[in-house]
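Trainee: Attaching a single structure in structure tokens format; questions to follow.
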Amino acid sequence: MKHLIVVAHPGENSFTMALTRTFAAELEKLGHSQRTFDLYRSSFDPVLRARELAPVDADHPASADVARAQDDIRAADVLTALYPLWWLTMPAMMKGYIDRVFARGFAYESHDGVVHGLLSGKKAILITLSGAPLPLLVKSGNWNAVQVLQDTHIFRSAGFELLEHLHFDQVVPQLAHAIAEQHMARVRSCAQQHFAAS
Ligand SMILES: Cc1cc2nc3c(=O)[nH]c(=O)nc-3n(C[C@H](O)[C@H](O)[C@H](O)COP(=O)(O)O)c2cc1C
């Protein structure tokens, strides 16, 4: 299978980036091809400009970086998005990727306010991290908000079959080595569970 991994974290040595490298390496070990789109290191421009709101046609082609990113999605069977939860949502860099790349006519159409996803047939995995413990997020209703707004309103609405939303909670700067290793094993097993040859 062809995998596209999209990651948003400013720190190259962050735990988010380490999880990303581990997931990508496991996919390759399983015999899959993967391309990692590291939004920060690629200096992706997350700002949607007014001219990009016009429908794409011969006179108004998609911006070159958006067209490339959309080609990458077209070519992929599976899109995996990795990011930390910041203020309970995705970093602005990832949100800007969604705003610009998941454009009308490419990722969705809407009629009378009803959204119709155009990326059906493709699969997605979300891998997120938080400082807060997951049980606290669940108890406060915040986890439900994450799932409604990110899993469903973005990825499922665009037509993806969401295979898993894997969440790592209580990720703090000085994460104990043993916990970090458990998380790396968990992200490897996510790849194995969904993509090992049966
Ligand atoms: C700007 C900012 C906002 C954050 N907001 C939240 C939050 O709303 N809830 C939460 O549990 N953690 C929050 N965090 C903590 C991050 O989710 C946590 O530090 C991160 O997942 C750890 O991954 P990393 O080591 O790869 O950065 C925030 C961190 C930053 C920098």
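Trainee: Is it true that Val47 is within 14 Å of Val101 (Cα to Cα), β-branched (Val, Ile, Thr) and open to solvent by 50 Å² or more (accessible area, probe 1.4 Å)?
Mentor: Spelling it out, Val47 is indeed within 14 Å of Val101 (Cα to Cα), β-branched (Val, Ile, Thr) and open to solvent by 50 Å² or more (accessible area, probe 1.4 Å).
Trainee: Now a separate question. Within region 116-129, how many residues are of a type in the set (Gly, Ala, Ser) and either open to solvent by 20 Å² or more (accessible area, probe 1.4 Å) or within 16 Å of the ligand (Cβ to nearest atom) (or both)?
Mentor: Matching residues across region 116-129 total 2.
Trainee: Could you list, in sequence order, the residues of region 15-44 that are within 16 Å of the ligand (Cβ to nearest atom) and free of Cβ contacts under 8 Å to residues at least 24 places away in the same chain?
Mentor: Within region 15-44, Met17, Arg21, Ala24 qualify.
Trainee: State which residue pairs qualify: first residue near the ligand (Cβ under 7 Å from one of its atoms) and inside region 166-179, second residue open to solvent by less than 70 Å² (accessible area, probe 1.4 Å) and not in a strand (DSSP E or B) in any location, beta carbons under 6 Å apart, and separation of 6 or more residues or different chains.
Mentor: Val171/Phe15
Trainee: Looking for something farther than 21 Å from Asp77 by Cβ, open to solvent by 20 Å² or more (accessible area, probe 1.4 Å) and of a type in the set (Ser, Thr, Tyr) - is there at least one such residue anywhere in region 22-42?
Mentor: Checked against the condition, which is being farther than 21 Å from Asp77 by Cβ, open to solvent by 20 Å² or more (accessible area, probe 1.4 Å) and of a type in the set (Ser, Thr, Tyr), region 22-42 yields at least one hit.
Trainee: Which residue is nearest to the ligand (Cβ to nearest atom), if the candidates are limited to region 130-144 and must be farther than 20 Å from Leu175 by Cα and not aliphatic (A, V, I, L, M)?
Mentor: Asn142
Trainee: Please work out which residue is farthest from the ligand (Cβ to nearest atom), limiting yourself to region 78-115 and to residues that are more than 20 Å from Asp45 (Cβ to Cβ) and of a type in the set (Val, Ile, Thr).
Mentor: The qualifying residue farthest from the ligand (Cβ to nearest atom) is Val114.
Trainee: So, one more: Output the number of residues of region 142-180 satisfying the condition of being farther than 21 Å from Trp86 by Cβ and of a type in the set (Phe, Trp, Tyr).
Mentor: Total meeting the criteria: 1.
Trainee: Arg188 - would you say it is more than 15 Å from the ligand (Cβ to nearest atom), open to solvent by less than 40 Å² (accessible area, probe 1.4 Å), among the basic types (Lys, Arg) and touching a residue at least 24 places away in the same chain (Cβ under 8 Å)?
Mentor: Spelling it out, it is not the case that Arg188 is more than 15 Å from the ligand (Cβ to nearest atom), open to solvent by less than 40 Å² (accessible area, probe 1.4 Å), among the basic types (Lys, Arg) and touching a residue at least 24 places away in the same chain (Cβ under 8 Å).
Trainee: Can you tell me which residue within region 1-14, out of those that are under 23 Å from Gln182 (Cβ atoms) and among the hydrophobic types (A, V, I, L, M, F, W, C), is nearest to the ligand (Cβ to nearest atom)?
Mentor: Here the residue is Val7.
The values are calculated or read from the model by the stated rules, or taken from the named source; none is laboratory data. Just so it is clear, the structure is predicted and the values come from calculations on it, not from any experiment. Every residue, glycine as well, gets a Cβ built from its backbone with ideal geometry; the counts of neighbours run over all protein chains shown. Accessible surface is based on the protein model in full, side chains and every heavy atom, while ligands, DNA and RNA are left aside. Shrake-Rupley method; radii C 1.70, N 1.55, O 1.52, S 1.80 Å.
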